[in-house]
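Notes for the one structure printed next.
No value in this document is a laboratory result; all are computed from the given coordinates. Treat the numbers as computed from the prediction; the structure is a model and nothing was measured. With ideal geometry, Cβ positions are generated from the backbone for all residues, glycine too; neighbour counts draw on all protein chains shown.
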Amino acid sequence: MRINTNVSALRAQREMSEHTKSIENASGKISSGSRVRNASDDAASLSIGSKQKSSIRSQHQAIRNANDAIGQFQTAEGAMNEVGSMLIRLKELSLQASTGTLQDSDRGMLNSEYMQIRKEIERVARSTNFMGTNLLQDKSGKPRDFMIGINDNDNSRISFSGADIAVTEFNLGLVDSSIVNAEEARINLGHIDQAIETLSSKRAKAGSYQNRIQTAINNLETTNINETSAMSRIMDADMAYESSEKIRSEGKLNAASSVLAQSSQFSAMALKLLQD
């Protein structure tokens, strides 16, 4: 028996220190819910998890971008729907003016409404905008790129030309049209039918872009869920395992404390033997 150096106490203290660290580590993981809180926990997993976290957050922003793009096309399509209603009214007026039961003076009153509707079509086309961008008469000539991915490449962009949905009196074939007499009214019928067809084609293009972007959103959401699940498996703490580790370390700490308490009595026992 040695009294100068209490090796048993030193060993017990070391074990207590290790068990305390284990308890603190398990408690930290349980409280944070994360298995990897810093690089010392798992450097490789931290690196992978950080990349996945960046990708996941970027995907959320890409989804918001895509939803904004859909909102833009919906705004444009809503305006085109109103223009379509006005074209139908123009055809009704043209049909009414083309009949032989009316006099030119009667057609003049119809023509007044006809011209006002033409002006309103042009006004709607000029005033329809989304966040400062004119949708139906974009005169910039520049394509608009919608970022629906997380990288700077063609796979992350959908390019759109404003000319695809441009609406003007010129491309609708309404320039200089009127119904001041029966002949012009009859001629207008074919032009208005063509204008309705042209407008329907532009609405179809707007709808096709909406469907394409919605498909991109669905794919982004699926990818986001899968990557989040993968990151969870790498970074999240297993609560059952960490709880059991904490309980096990607490039991060992109690045992080491008991050993330390006993080892501190060895020196006293040795001195007692000498005194006896």
Hits among lysines - C-alpha to C-alpha of residue 91 under 26 Å, sequence gap 8 or more where chains match: 119, 202, 205
Fully extended contour minus Cα-Cα distance, from residue 254 to residue 21, at 0.36 nm per residue: 82.5 nm
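Stretch residue 74-residue 180 to full length: gain in nm at 0.36 nm per residue minus the Cα-Cα span? Kindly include the intermediate steps, with their values, before the conclusion.
Numbers: separation 106, 0.36 × 106 = 38.16 nm, distance 3.63 nm.
So the extension gain works out to 34.5 nm.
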Where labels lie 7 Å past Cα in the beta-carbon direction, separation of residue 189 and residue 236 in nm: 6.8
Local electrostatic count, residue 177, Cβ distance below 15 Å [Lys/Arg +1, Asp/Glu -1]: -3
Residue of 53, 252, 202 that the Gaussian network model of the chain assigns the largest fluctuation, springs spanning Cα pairs under 10 Å: 252
All aspartates and glutamates inside 13 Å of residue 53 as judged from Cα atoms, apart from same-chain residues fewer than 8 positions distant: 227, 236
Anchor residue 21: aspartates and glutamates whose Cα lies under 19 Å away (excluding residues fewer than 8 positions away in-chain): 41, 42, 238, 242, 245, 250
